[in-house]
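Read through the structure below, which is laid out as structure tokens, and then see the notes.
Quick note: the coordinates plus some simple rules give every number you see, no bench work behind them. All of these numbers come straight from a predicted model, not from anything done at the bench. When we count neighbours, we look across all protein chains shown, and the Cβ atoms used for this are built from the backbone with ideal geometry, even at glycine.
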Amino acid sequence: MTIRTIGVIGAGQMGSGIAQVLAVAGYDVTLTDVAANALETALSRISASLAKMAARGKLSETDRQAAERRIETSLALSDIGRCDLVIEAATEKESVKQKIFDDLVPHLKPGSILTSNTSSISITRLAGRTPHPERFMGLHFMNPVPVMQLVELIRGIATDEETFVAVQEVVERLGKTPVVASDFPAFIVNRILMPMINEAIFVLHEGVGSVIDIDNSMKLGANQPMGPLELADFIGLDTCLSIMQVLNEGFCDPKYRPCPLLVKYVEAGWLGRKTGRGFYDYRSDPPVPTR
């Protein structure tokens, strides 16, 4: 199974990052979104990132230009159907992902492989909505995609070996390191990471420590590059909540109960960096804690 063309659904931070690394690796990429301004923003983000790579000597000027030419955009989901591999990178809501696959399936060429960049949702369940679950699997990139080296590969119960090998070869061509995770809620990285972030929010909620003290404690005491609350803001508090809900529902274990304070921040629309406020207020320079 030879993959030459790849479609990326969703032009947010994850989708644009995925499109960028694919294009740099030599793949022809079609990036789609429901909003034209999202596609424009994605192209600007990719162009700026590639320019920085070239300025730092990590990419030649010729390769930079070639990578930009390999990315085309479209508002029509049907244009993704001609691709050998499709990577869905929409918001972390199962209903949204299911609707995307329902709409995409009629346009797929024979033999296309479908993947989801979901960070927590059942691959087997998503695959069950498609006519060929054997050609469906999880392909979970870490954020920010151009920087992070790890990619989780998740088989659904029906994923066949040919599909798995083909997708693994794509990851290796990107120069990233694949790890294989079983299809359990949140897989490996977020099964470990999100409960830690959720517990940090409980520590804040209970008044054990302030935002600054919690983050400094983990940066200086556990040698983490970012504190858990700063990291939650970077990921997006809505995404953190969605993953905790998947864990809570999937395991029915109270240790995965989302912190009420996390729920309140999401209800307020304070989702982190992308909205300007989360556990920090990013409208100030430097950002200041909101509690």
Next item on the list: For LYS264, go through the aspartates and glutamates and keep the ones whose alpha-carbon is under 15 Å away, minus same-chain ones fewer than eight residues off.
Entry: GLU206, ASP233, ASP238
Checklist line | Whole-number percent relative contact order across the stretch 5-181, with pairs defined as alpha carbons under 8 Å at least 6 apart | finding: 21 percent
Check: Considering only the other residues whose Cβ falls under 15 Å of the Cβ of LEU150, what net charge follows from Lys and Arg at +1 and Asp and Glu at -1?
Finding: 0
Checklist line | Greater than 29 Å apart at Cα, pairs in LYS176/LYS255; LYS58/LYS97; LYS93/LYS255; LYS52/LYS274 | finding: LYS176/LYS255; LYS58/LYS97
Next item on the list: Treat the count of other C-beta atoms within 10 Å as a stand-in for reagent exposure and order MET142, MET218, MET244 from fewest to most.
Entry: MET142, MET218, MET244
Checklist line | Vicinal HN-Hα couplings computed from phi for the stretch 277-291 (Karplus, 6.51 cos²θ - 1.76 cosθ + 1.60; Hz; Gly/Pro x) | finding: 8, x, 6, 10, 9, 8, 7, 9, 10, x, x, 10, x, 9, 9
Margin query: Please list, short to long, the whole-number percent of alpha-carbon pairs of the stretch 189-289 in consecutive 5 angstrom bins beginning at zero.
Written below: 3, 14, 25, 26, 20, 9, 3, 1, 0
Next item on the list: Grab the DSSP H runs of the chain that are 4 residues or longer, score each as -39,500 (n - 2.57), total them, divide by all residues and round the 222 nm result to the nearest 500 deg cm²/dmol.
Entry: -14000 deg cm²/dmol
Note to self: Output wanted: per-residue J couplings in Hz (rounded whole) for the stretch 29-40, from phi through Karplus 6.51 cos²θ - 1.76 cosθ + 1.60, θ = phi - 60°, x for Gly and Pro.
What the structure shows: 10, 10, 9, 10, 7, 7, 10, 4, 5, 5, 5, 4
Check: THR5's amide H: which non-local residues (gap 5+, or another chain) put their own amide H closer than 5 Å, with H modeled 1.01 Å from N in plane and none for Pro or chain starts?
Finding: ASP84, LEU85
Notebook entry, point to check: Which three lengths, in whole Å and largest first, does the chain cover when its Cα atoms are put on their principal axes?
Noted result: 56, 47, 32
Next item on the list: List the aspartates and glutamates whose Cα lies under 14 Å from the Cα of LYS99, skipping any in the same chain that are fewer than 8 positions away.
Entry: ASP33, GLU88
Next item on the list: Evaluate the Kirkwood expression for the hydrodynamic radius of the stretch 136-191, namely the inverse of the mean inverse distance over all pairs of different C-alpha atoms, and round to one decimal in Å.
Entry: 11.5 Å
Checklist line | Per-residue ³J(HN,Hα) for the stretch 149-155, Karplus 6.51 cos²θ - 1.76 cosθ + 1.60, θ = phi - 60°, Hz, x for Gly and Pro | finding: 8, 8, 9, 8, 9, 10, 7
